[in-house]
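Below: the structure, in structure tokens.
All of the numbers you see were taken from the coordinates with simple rules; none came from a lab. This one's a predicted model, so the numbers in the text were calculated from it and none came from an experiment. Heads up, the Cβs are rebuilt from the backbone with ideal geometry, glycines too, and the neighbour counts pull from every protein chain shown.
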Amino acid sequence: MPIERVGVIGAGTMGNGIAHVFARGGYQVTLCDVEQRFLDRALATIGSNLDREVAKGKATTEDKATALKRIVPVLDRAQLANCDFVIEAATEKLEVKAEIFRDLDRICRTEVVLASNTSSISITKLAGTTKRPGKIVGMHFFNPVPVMKLVEVIRGLATAQETFEAARDLAVKLDKTPVEVNDAPGFISNRVLMPLLNEAMYAVMEGVATAGAVDEVFKLGMAHPMGPLTLADFIGLDVCLDIMRVLQDGLGDPKYRPCPLLIKMVDAGWLGKKSGRGFYKY
Ligand SMILES: NC(=O)c1ccc[n+]([C@@H]2O[C@H](COP(=O)([O-])OP(=O)(O)OC[C@H]3O[C@@H](n4cnc5c(N)ncnc54)[C@H](O)[C@@H]3O)[C@@H](O)[C@H]2O)c1
């Protein structure tokens, strides 16, 4: 089935980036969120990100206008009924996503693939909320979506080969690089990255080094573009804690125990860059 119209659920950080790259890739996009102000904010963000592409000579002003025209913002999920592929990028809560998948299963044609951009929730579990488990797949984009090349394409236990291929081929058409991963807590990216960030936090908590010193070691010694504590602040310390808990619950190994300092900082409302305070002050 040719894919021409793509539905995106959730117009936040990731949803607006995903809508952006699909629109730039020539797809018609129906972008759905729960409040008009979130849709307005998403379209404003996409507009300014497209301006940046124009300023860098990567797109023309006509490309910008064409891309924006391809995005139809909607509040009513039923308007996704004519989509050929849907990707969910709503809040990282199982109950939110489960409700969306149950509803999409009712709304969308039976042959339509439903993908999730979840960072950590089981694709197999989401598939289990629908009557089309073979048509459910993970498509894990990275932030900022228009810039980052990687898409982890995640096979749930029941994901059909043709579903996996549809998601993988779409990623290639968006000029991204798909990497195949099987469903497991944290997939590959967060399974490996989060324990690194968590261990850096332990080092700070134990007084082995300051946050700045830990970050310098990784920037200068390992050629990382930013150190692990700066990265944790950018991701959001609450998000880091949620992911560590998914790893701990899902894998059961004590090595995934969230750092007590991380828990304390989240309790204090120090969530990183977005709250003005994390391992650094913003
Ligand atoms: N932020 C990142 O760096 C990042 C990276 C990769 C993957 N993800 C994943 O992408 C997803 C979205 O994350 P985000 O950072 O964009 O979050 P966000 O909070 O910026 O946006 C989530 C959006 O979903 C909307 N939403 C919530 N419930 C909804 C519903 N029932 N129907 C429609 N819209 C609904 C919210 O109103 C909000 O606009 C999560 O699953 C997250 O784990 C995030």
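The residues packed around Ala200, meaning those with a beta-carbon under 15 Å from its beta-carbon, carry a net charge of -2 if Lys and Arg are +1 and Asp and Glu are -1.
With the convex hull drawn over the C-alpha atoms of the range 1-149, the volume per residue is 100 Å³. Length available on full extension from Lys281 to Lys219: 0.36 nm per residue minus the Cα-Cα distance, which gives 20.4 nm. A straight Cα-to-Cα reach below 15 Å connects Lys69 with the aspartates and glutamates Glu4, Asp40, Asp51, residues fewer than 8 places away in its own chain not being considered.
Projecting the Cα positions of Ala23, Gly47, Gly128 onto the charge dipole of the chain (unit charges on Cβ atoms of Lys, Arg, Asp and Glu, taken about the Cα centre) puts Gly47 furthest along the positive direction.
Distance between the modelled labels on Val96 and Leu68, one decimal in nanometres: 2.7 nm (7 Å Cα→Cβ projection). Among beta bridges from DSSP that stay inside the chain, the antiparallel ones total about 20%. Secondary structure note: in the range 133-282, about 55% of the DSSP beta bridges are antiparallel. So which aspartates and glutamates can Lys93 reach, going by Cα to Cα under 14 Å and dropping same-chain residues fewer than 8 places off? Here the aspartates and glutamates satisfying the reach criterion relative to Lys93 are Asp238, Asp242. Across the range 187-199, rounded Karplus estimates of 3J(HN,Hα) from the backbone phi angles (6.51 cos²θ - 1.76 cosθ + 1.60, θ = phi - 60°) give 6, 9, 3, 7, 4, 9, 5, 4, x, 5, 4, 4, 5 Hz, Gly and Pro being marked x. Checking the cross-link pairs Lys176/Lys264; Lys56/Lys274; Lys131/Lys264 against a 32 Å limit on the alpha carbon distance flags Lys176/Lys264; Lys131/Lys264 as lying beyond it.
Each residue of the chain gets 134 Å³ once the volume of the Cα convex hull is shared out per residue. Computed about its Cα centre, the charge dipole of the chain is approximately 260 debye, with only Lys, Arg, Asp and Glu carrying charge at their Cβ.
Placing a pseudo-label 7 Å from each Cα along the Cα-to-Cβ vector at Met1 and Lys131 gives an inter-label distance of 1.5 nm.
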